[in-house]
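Structure first, commentary second.
The values are calculated or read from the model by the stated rules, or taken from the named source; none is laboratory data. It should be emphasised that the depicted structure is a prediction, and the values quoted were computed from it without experimental measurement. All Cβ positions, glycine included, derive from the backbone under ideal geometry; neighbour counts span all protein chains shown. For accessibility, only protein heavy atoms count, side chains too; no ligands or nucleic acids. Shrake-Rupley method; radii C 1.70, N 1.55, O 1.52, S 1.80 Å.
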Amino acid sequence: MGTPLRVSLYGAGLVGGNVAKVLSGRKGIRVEGPFDRAERDRALRGGADVVVIATTSFLADIADDVRAAVESGSNVITTAEEAAYPWANDEALATELDELARRHGVTILGAGLNPGYAFDALVVTACGYAWSVDALRVVRIVDLSGFGETVLRRIGIGYTPAAFEQGRRDGTITGHIGFPQSMQVVARKLGVTIDRIDRTIDPIFARERIAIPALTVDSGCSAGFEQRYTAIADGAPWFEAVFTGHIDLREIEKAPRDEIHVEGPTPLHITVDPGFNPQIGSAGVVANSIRRVAEARPGWVTVADLPPASPG
Ligand SMILES: NC(=O)c1ccc[n+]([C@@H]2O[C@H](COP(=O)([O-])OP(=O)(O)OC[C@H]3O[C@@H](n4cnc5c(N)ncnc54)[C@H](OP(=O)(O)O)[C@@H]3O)[C@@H](O)[C@H]2O)c1
């Protein structure tokens, strides 16, 4: 076997730790990190073959980190949800980083379980069966109890009704981020132009006090939420997504589950039961993307531009 691929992990949270665990047993890969903020330069500027950035969700917040890694000649995988399709958030910044990566001969990919696999890469694969596609619908019911406090607060857990309403209005409560990005990845692959994406988020309040490792939610405060996204193309709903997340799904008599519906002359309905585990899945997709990113064409790519993720 030749020289091992050097992989540097930036972000010492859940994803960083799990990716380190997955990769530590892989032949031909040498893991460095996970590194926290104090070791930013070592993580990003150490000249690794692939730098994994698992810190925040937002393109603007990871841009400098991506720039530093790319300028040091490293390919980048980031779990920032907005990075799955960065042109949707900031066309100028996405283009600048895409061009920078091309100049340095390296690849940038935004990937995790969702976005990055469940409702984009897998949807595109499901569409491979269809003679043609009229519409898509995905349903995701997720157990949120394994997430850390920062992510839970940002997505909308642990708020009184008034605080949730305030956070929804001022944008500090985001719900799950990533459906618009997944929708754009699939649309681009299928040659569809999305006119707009309508979205709603509604809290689900706890009936009783719920304690999970990351936090405790008092009765009457938000323990979950339901989000609905509808992408409109050619004046009609083309891609619908419904996401229910909760820290104790039993309270709302639900269980983790994912569904993909491909509508058209050859309809297809895929059910994943129990649904994808977000922690396991994200670490898997990132670890299983190391080689395909190291081998990809330079520039900022999406999961639909690459061969499927695979271990090994
Ligand atoms: N695409 C997907 O499917 C997918 C899947 C999983 C996770 N994600 C996203 O990936 C990110 C990481 O997930 P996680 O579960 O590992 O979160 P986490 O457990 O909260 O860990 C994040 C880590 O990154 C650090 N960090 C936060 N902001 C930073 C910044 N601006 N610069 C440097 N370090 C920073 C945090 O350190 P401090 O404690 O010092 O803040 C923490 O150690 C989250 O935004 C999450 O939403 C996406």
Residues (in a loop (DSSP other than H, G, I, E, B), in contact with a strand residue (DSSP E or B) (Cβ under 6 Å, 6 or more places away or on another chain) and within 28 Å of Glu165 (Cα to Cα)) located in the range 191-211: Asp195, Ala206
Residues located in the range 257-278, provided they are open to solvent by 40 Å² or more (accessible area, probe 1.4 Å) and either in a helix (DSSP H, G or I) or away from the ligand (no atom under 15 Å from the Cβ) (or both): Arg257, Glu263, Pro265, Pro267, Leu268, His269, Ile270, Thr271, Asp273, Pro274
When only residues in the range 120-134 that are more than 16 Å from the ligand (Cβ to nearest atom) and either outside any helix (DSSP H, G or I) or open to solvent by 40 Å² or more (accessible area, probe 1.4 Å) (or both) count, which is farthest from Thr244 (Cα to Cα)? Trp131
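Given the condition over 22 Å from Lys254 (Cβ atoms) and more than 10 Å from the ligand (Cβ to nearest atom), answer yes or no: does some residue in the range 140-150 qualify?
no
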Search the range 91-115 for residues that are under 28 Å from Gln279 (Cα atoms) and pair each with any residue that is aliphatic (A, V, I, L, M) and in a loop (DSSP other than H, G, I, E, B) when their beta-carbon atoms are under 8 Å apart and the residues are at least 6 apart or on different chains. Thr107/Ala296; Leu109/Ala296; Leu109/Leu306; Gly110/Ala80; Ala111/Ala309
Assuming Ala101 fulfils every condition listed in (1) at negative phi; (2) within 16 Å of the ligand (Cβ to nearest atom); (3) modelled with pLDDT of 95 or more; (4) among the small types (Gly, Ala, Ser) apart from one, which condition is it? (2)
Qualifying positions in the range 24-57 - open to solvent by 20 Å² or more (accessible area, probe 1.4 Å) and part of a loop (DSSP other than H, G, I, E, B): Gly25, Arg26, Lys27, Asp36, Arg45, Gly46, Gly47, Asp49, Thr55, Thr56
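Being in a loop (DSSP other than H, G, I, E, B) and either at positive phi or of a type in the set (Gly, Ala, Ser) (or both) is the filter here, so list the residues in the range 216-251 that pass it. Walk me through it before giving the result.
Keep residues of the range 216-251 that are in a loop (DSSP other than H, G, I, E, B), which gives 218-221, 234-235, 247-248.
Result: Ser219, Gly220, Asp234, Gly235.
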Checking the condition open to solvent by 30 Å² or more (accessible area, probe 1.4 Å), within 14 Å of the ligand (Cβ to nearest atom), out of contact with any Phe, Trp or Tyr (no Cβ under 7 Å at 6 or more places or on another chain) and not in a loop (DSSP other than H, G, I, E, B), which residue from Arg137, Arg188, Arg168, Arg153 passes? Arg153
So, in the range 38-93, of the ones that are more than 9 Å from the ligand (Cβ to nearest atom) and aromatic (Phe, Trp, Tyr), which residue ends up farthest from Val151 (Cα to Cα)? Trp87
Go through the range 64-88 and give me each residue that's assigned to a loop (DSSP other than H, G, I, E, B), surrounded by 19 or more Cβ atoms within 10 Å (Cβ to Cβ) and either within 19 Å of the chain's Cα centre (by Cα) or on the phi > 0 side of the Ramachandran plot (or both). Thr79, Ala80, Tyr85
